[in-house]
Every structure is written in C-alpha cells, then in structure tokens.
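Here's the structure we're looking at; comments come further down.
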Amino acid sequence: MELSTYVRQLHDQLVAVAETGDPAARAFLDRLVVALEPAARLALLDALSAAAAEITQDLAPGSVEVRLRAGEPEFAVTAPPAEPAAAEPPPAPGPGIDDADDGPMARLNLRLSEQLKARIERAAARQGRSANSWLARAANAALAAEEFDPPTVQPATGRGGRRRQTGWVR
C-alpha cells in the first residue's frame, strides 16, 4: 500500500484552501505541508495498525500485521488453520497467544541448540511472526492437543532406557 497517494491528496486539499488566500498564505502553507507530511504518514500508519489489530481480534487464531518495507506499509495475513475433518472432534479450545491480555505475562529462559533455534526462526519468519510469538503459539497448540488426546503412560524401562522382557519363546 502506498501512502504517498493519500498524503498527496491531503497536500492538494490544503493547496486548494490556500488558493483562496493571499500569496503570503500560499507560501506559508507550502512550507507547512512539507513539515506536516511525516506527521500525516505516521497518523495513517497508526490508523492502519489499529485496523489490523481489530481485524486480528475477529480473525483469531489468524492474524493481520502491518509491516514497513522501504517506508511503505504492507499487510501480512496469517489465515486461521483449516477446519479439522468431520471424523475428528475439534481440539479443546485453549487460550491463544492473541489472548495474552487475559493475564500477566511471564518470562521464561529457554536453552536451545543453535540448529533448533535457526529452524524456529525460519518457521516464524515464514509466518511473519517473531520467534517468541511462534513459540508461544506452538506451546499453546501442543497443550490444546494434549488436552484433546492425553499422552499415554510409558511402561517402566530397565537400565540404560532398554525395556526388559523375560519369558520363553517357541
């Protein structure tokens, strides 16, 4: 999305107003428009960001983000996951990362191998998210899946993690 078009429209409207005044007013307005352009761009970006946040609330668990590329905004849309097949019951709803305002935030220090960290960062970048947001969503999805299908208890193992079996075989 190119903001220059909208900033130019504002400029043209202000120039049209100045045409009705004297030449000194016109010169003053020309200088004023140059100074107002960054403020107008910032106001437009704030409006786009607020709109994206409202859309994200309605689209959850999908999202819409506004990003700047070469000084111009663009939208990154992450669609909600596809509906599960009719044969499977839907996963239990759990709090999403977008519901982070429901409680206080906590910090967790996590040690990862460099390779795993790089894979997480690539996956997050593909989705247009931060690694932190990606990890929070992955943890939330894992917990929701666990609530839907709890893990089974593994049988006890012998020394070295090997299972012991005794008996006769024919």
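The values are calculated or read from the model by the stated rules, or taken from the named source; none is laboratory data. Model, not experiment: these values are computed from the prediction. Neighbour counts run over all protein chains shown; Cβ positions are idealised from the backbone, glycine included.
Conditions (1) part of a helix (DSSP H, G or I); (2) touching a residue at least 40 places away in the same chain (Cβ under 8 Å); (3) over 26 Å from Ser133 (Cα atoms), marked per residue:
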| residue | (1), (2), (3) |
| --- | --- |
| Tyr6 | yes, no, yes |
| Leu10 | yes, no, yes |
| Val17 | yes, no, yes |
| Ala24 | yes, no, yes |
| Ala35 | yes, no, yes |
| Leu42 | yes, no, no |
| Ala52 | yes, no, no |
| Gln57 | yes, yes, no |
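Hey, does segment 88-104 have a residue that's modelled with pLDDT of 55 or more, within 22 Å of the chain's Cα centre (by Cα) and surrounded by fewer than 10 Cβ atoms within 10 Å (Cβ to Cβ)? Yes; the residues of segment 88-104 include at least one that is modelled with pLDDT of 55 or more, within 22 Å of the chain's Cα centre (by Cα) and surrounded by fewer than 10 Cβ atoms within 10 Å (Cβ to Cβ).
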